[in-house]
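Bear in mind these aren't lab numbers, they're just calculated from the coordinates by the rules spelled out. Because the structure is predicted, anything quoted here is derived from the model rather than measured. Cβ placement follows ideal geometry from the backbone for every residue including glycine, while neighbour counts extend to all protein chains displayed.
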Ligand SMILES: [Zn+2]
């Protein structure tokens, strides 16, 4: 946990809602449905925003689902991210980390491990963070 940062603990039902929202939107990955990645995030206002990967033939321009979900929330004026589904690639962990530094919320990564739902704060996934805490 980051000193002075807020951290939320989601109920099992909230976690399941997020995971389900990510699964449902997987059909909208671009350009090929179900062949990319999808995530869902929860804001401090209780709203869920989803994101899907948006591919480019150059690969360099491909947008990860975490980036589109964070942008989706920002478009609606929401930048305080309580939780987001994972696992996430390292580029996206950096993006979530930077969002966390700005919002003052230690965003929780909701992921499943061996069928069990886990909640891991982004700060725990950034042992040598940049920028530092
Ligand atoms: Zn990513």
Worksheet item: Which FRET efficiency, nearest 0.05, do residue 57 and residue 133 yield, Cβ-Cβ r, R0 35 Å?
Response: 0.35
Worksheet item: When every alpha-carbon pair in the range 12-125 is counted, what percent end up more than 22 Å apart?
Response: 26 percent
Discussion item. Tell me the angle of helix 90-103 to the major Cα principal axis of the chain, expressed in degrees between 0 and 90 and rounded to the nearest ten.
Written reply: 50 degrees
Worksheet item: What FRET efficiency would be calculated for the residue pair residue 34, residue 116, taking the C-beta separation as r and a Förster radius of 22 Å, to the nearest 0.05?
Response: 0.35
Worksheet item: What is the Å³ per residue value for the convex hull set by the Cα atoms of the range 5-47?
Response: 85 Å³
Worksheet item: Any idea what angle helix 65-75 forms with the longest principal axis of the chain, computed on alpha-carbon atoms, 0 to 90 degrees, nearest 10?
Response: 70 degrees
